[in-house]
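Shown next, in structure tokens, is the structure this report addresses.
The values are calculated or read from the model by the stated rules, or taken from the named source; none is laboratory data. Nothing here was measured: the structure is a model prediction, and the numbers come from that model. Cβ coordinates were reconstructed from backbone atoms using ideal geometry, including for glycine residues, and neighbour counts include every protein chain displayed. The accessibility values were calculated without ligands, DNA or RNA, using every heavy atom of the protein model including side chains. Shrake-Rupley method; radii C 1.70, N 1.55, O 1.52, S 1.80 Å.
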Amino acid sequence: MRVPLSWLREYCDPGMEPAALADRLVMTGTEVERIETLGPESGSGFVVGKVLEREQHPNADRLSVCRVDTGEGERTIVCGAPNVDAGQTVAVVLPGATMPGGMKIRKAKLRGVPSEGMILSAAELEIAEEADGIMLLDDGPAPGTPLAEVLPLGEAVLEIEVTPNRSDCFGVHGVAREVHAISGAPLAADPWIEDAPEGTVTGYGPVAGGESAADYASVTVEVPELCPRFTARVFADVTIGPSPLWLQQRLAAAGQRPINNVVDITNYVMLLTAQPLHAFDLDRVPGGELIVRTASEGEKMTTLDGVERTFDAETVLVCDREGPSGVAGIMGGQRSEVSEETTRVLLEVACWNGTNILRTSRMLGLRSEASARFEKQLHPELCLRAQRIASRLLVELCGAKMVPGTIDVAAEAPEPRRLALRAARVSGLLGMTISQAEQQAYLERLGFAAEPEGEDLRVTVPPERHYDVTREVDLIEEVARVHGIDEHLPTTLPSTGEAVGGLSREQRLRRRAEDALRDLGFDQVVGWSFTDPGEAGRLRIPSGDARATPVLLANPLSEEQSAMRTTLLGSLLDVAARNAARGVDALALFESARVYLTDPPTGRNHPHMEGNRPVDPLGGHFAGDQPAPVAEPHRLAAIALGSLSPRSWRGGGEAADFFALKGVAEALARGLGVELAFAPAEEPFLHPGRSATVSVGGAPAGWLGEVHPLVCRTWDLDAASAFELDLAPLLAAATLGEEAYEDVTTFPAVYQDLAVVVPAETPASAVREAILGAGGELLQAAEVFDLYEGEQVGEGRKSLALNLEFRAPDRTLTDEEVNGLREGIKAKLDEIGGTLRE
């Protein structure tokens, strides 16, 4: 929301510099993102001029030579605007002055004719985005009058980030009331108090019985639950033309493009009150009849932006007898828009269901200034406020006559919200005492009605805050922020009694795991918990997978952040792609965060069901024995692109693959005292044959592998390897902190190598587990160090070479003892189809 300071000061002038006012607003809960200055920073050299004479330039068809009175005498100015003429009062910049953007004006010769200054357009003064010619001023100011006395030069504009609950701050008057509350500066009378005069219109409608708006138009609301109120007024003898300069300047400063006086008035009133309006050309509304209804499935209409749009059955439309003429609360249609030929206007000010407007806006991919306000849910009472201001301006600026009466179709209005504000609750919650008189004054400045009830207050919430302030604690927040939390709220430490702070076991272990990855050369990233609903599709996750149905946000910041992520891989790929696009060829990243999983489909045969209980395919756990709506398991994920070690003259620089990431995961687990098990498995986003599931003590704990080439292509990456682990089973199995003392033996170990031939499909972990089981306590370690597949071992078989370490704590082992253990190992290998290779 852009708030021009001159407009704001018309209703409340706090007497503060823009920066100081912005700081005060920020400290009381209204976020000011930036302060922008429009127009020249200094008004020096900008004056009012009078064109005394205009002649055609002798050497240029499109230039005029003008004699201009600027108060200090006459001067010659060459002008290229097509609309310049003698007798006009214009804005002039003199030599030596600096234009917006920094250009300094100098005397010059244009096609051989000296020019001493420049006649200005509204665009050159940044009063408008574009202009067809020079800006014409009213005849009142004398030549030489400083232009700053006529127009707001160097206009300061506050750009405010309006929070979703403060729909009132979508209007300049709402911001002015906020400034009044926090500064105590006087607030001007509400601009909607005065209504437009009703005119007698001849030539339209019946003469007998008097005339009223109902004689010209009618409104039928078929869906009152989606349109709580619809008001309309009729105006005749309307003259369409450009808006006066002051109105154009305010709209341009607020970020709106001036169009014509009628449309500009609707935009001006919306920016002032936060209540959107829409003007129909009444002669283009058959029979003057408007019907508010939901669309038929597949119904179409062309909106004001020239796009034909298709609607579903939940979209609310404003229709005439021939079909849709506007999308309720979002955008009007071309068929009934106001044009240069318009002489009669039907002014609509309505209230819509905010949730429906938000849904329709997303569905159409169409967001407007109106929808941004309506989706926050406005109160029906605001309709007539906007009608009164707009009606008065239509009469004053368009020469219109207002037909008596207002068409007002309204459902039952919400009852005014009345809340008790207890003094004890205020002091108890804030930890400081604010007097009853101060509480009452603060609330009344904000527009609340407050009456004392003993030590407490009985408060009535104003319509513009009806959907924001709903509880006593909301009133306490209003009182506290206006009182000044930064200035008056005491700084105290939380009362802990005898409690002593510290990390839980889970927190210590999680930090240890994160430190382990940092020690391994991985950089931690913090990605958005929000993502777009299409992420699962880009990761090739099928629709039956629990990770393909994310939790959707009710009020997202954008469509790209409207779903909660179900895996950390997407955000890691985003960060990796951003770095790769900037020339980074080696990356090692990790993230420690939660994912959000919806209740997966039921059914005993579903791949993600265990009986009737949902099971996260990654091993995450749903709370309780029954399916839970949402699970939030904490995950630890890593991704690597390029080499994990620097290239040197001795070699290195090989791209990280499955085995490199497997080593990282194993090192991470060893730091927690956990042993991971791996088994071949496929994930839709991993390379077939280069992926595995990870388990801890038989419980699923994650996945690991090389990212699928199609997924890499989607993120513009050459290749990547990654893993994602569920911390719950990992931390549950951790033995860190539970280590037992073991004496270091001085007796030497006996090392032997063993070559085992097994079927090709037998995992190395199964061979190693069998050997360790058969070796007993004397076999300290068994590590695989080689793999061979070839003719010597036969088709469908492979040879694994393992190094065995035998050691006894109380003696040196003999060859006979070790040979006996080898025989036991050989027998155990027979059980899994393995043989020793001699």
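Close amide H partners of Thr294, meaning residues 5 or more places away or on another chain with modelled amide H under 5 Å apart, are Leu317. A DSSP coil position with no more than 13 other Cβ atoms inside 10 Å describes the following trypsin sites (Lys or Arg not before Pro) in the range 525-596: Arg582.
Only protein heavy atoms count here; under a 1.4 Å probe, Glu783 has an accessible surface of about 100 Å². Scanning residues 5 or more positions from His687 or on other chains, those with amide H under 5 Å from its amide H are Glu706, Val707, His708, with H placed 1.01 Å from N in the peptide plane.
Please report the net charge: other residues with Cβ closer than 14 Å to the Cβ of Val349, K and R +1, D and E -1.
Summing Lys/Arg as +1 and Asp/Glu as -1 gives +2.
Computed from phi, the 3J(HN,Hα) profile of the range 653-665 under the Karplus parametrisation 6.51, -1.76, 1.60 (θ = phi - 60°) reads x, 6, 5, 5, 10, 3, 6, 5, 5, 4, x, 5, 4 Hz, with x in place of Gly and Pro. Net charge dipole, the chain: roughly 900 debye, given to the nearest 20, about the Cα centre with Cβ charges of +1 for Lys and Arg and -1 for Asp and Glu. Extension gain for Glu506 to Asp786 (0.36 nm times residue separation, less C-alpha to C-alpha distance): 97.1 nm. When Tyr788, Tyr268 are compared by accessible area of protein heavy atoms, the largest-first order is Tyr788, Tyr268, using a 1.4 Å probe.
Backbone amide hydrogens, once placed in the peptide plane, bring Met135 within less than 5 Å of Ala91, Leu120, Ser121, Ala122, excluding anything fewer than 5 places away on its chain. Per residue, the convex hull spanned by the alpha carbons of the range 754-801 comes to 63 Å³.
Rounded to the nearest 20 debye, the dipole magnitude of the range 217-330 is 480 debye, with +1 charges on Lys and Arg beta carbons, -1 on Asp and Glu beta carbons, and the Cα centre as origin. Farthest toward the positive end of the dipole of the range 630-691, out of Ala656, Pro646, Ser691, is the Cα of Pro646, where the dipole comes from beta carbon charges about the Cα centre. Using alpha carbon centroids, what distance separates the range 479-532 and the range 223-247, in Å? The range 479-532 and the range 223-247 have Cα centres separated by 52 Å. Across the range 240-299, the relative contact order, built from alpha-carbon pairs under 8 Å that are at least six residues apart, equals 23 percent.
Rounded to the nearest Hz, the phi-derived 3J(HN,Hα) couplings of the range 347-356 under the Karplus curve 6.51 cos²θ - 1.76 cosθ + 1.60 (θ = phi - 60°) are 9, 9, 9, 10, 10, 10, 6, x, 5, 5, where x marks glycine and proline.
Dividing the radius of gyration of the alpha carbons in the range 311-469 by their Kirkwood radius gives 1.10 for Rg/Rh. Annotation: aspartates and glutamates with alpha-carbon distance below 13 angstrom to Lys828 (same-chain offsets under eight excluded): Glu769.
Listed values for the range 569-581 are Karplus-derived 3J(HN,Hα) couplings in whole Hz (6.51 cos²θ - 1.76 cosθ + 1.60, θ = phi - 60°), namely 4, x, 5, 5, 5, 4, 5, 4, 5, 5, 6, 4, 5, and x replaces Gly and Pro. Which residues does the label zone of Glu297 cover in the range 316-336, counting backbone N under 17 Å from a point 7 Å along Cα→Cβ? Label zone hits: 316. Around Val473, with a cut-off of 12 angstrom between Cβ atoms, what is the net charge of the other residues, counting Lys and Arg +1 and Asp and Glu -1? Overall, the nearby charge balance is -1.
Given the whole protein assembly as supplied and a 1.4 Å probe, what does the accessible area of Glu559 come to in Å², nearest 10? Glu559 exposes around 100 Å² with every protein chain in place. Comparing Ser121, Gly447, Gly527 along the charge dipole axis of the chain, the residue lying farthest to the positive side is Ser121, per the Cβ-charge model.
Since only Ala97, Ala808, Thr360 are under comparison, the one whose Cα sits farthest along the positive direction of the charge dipole of the chain, derived from C-beta charges on Lys, Arg, Asp and Glu, is Ala97.
Our note on the geometry: Cα centres of the range 663-680 and the range 696-737, 11 Å apart.
[x] 121, 77, 61; [y] 81, 53, 49; [z] 96, 76, 51: which one is Cα extents along the principal axes in Å as calculated from this entry? The value computed from this structure is option [x]. Among residues other than Ser691 with Cβ under 9 Å from its Cβ, the summed charge is -2 (Lys and Arg +1, Asp and Glu -1). Reported to the nearest whole Å, the Cα centre-to-centre distance from the range 1-49 to the range 256-306 is 31. Val318 contributes an accessible area of around 10 Å² to the protein surface, as traced by a 1.4 Å probe with all chains present.
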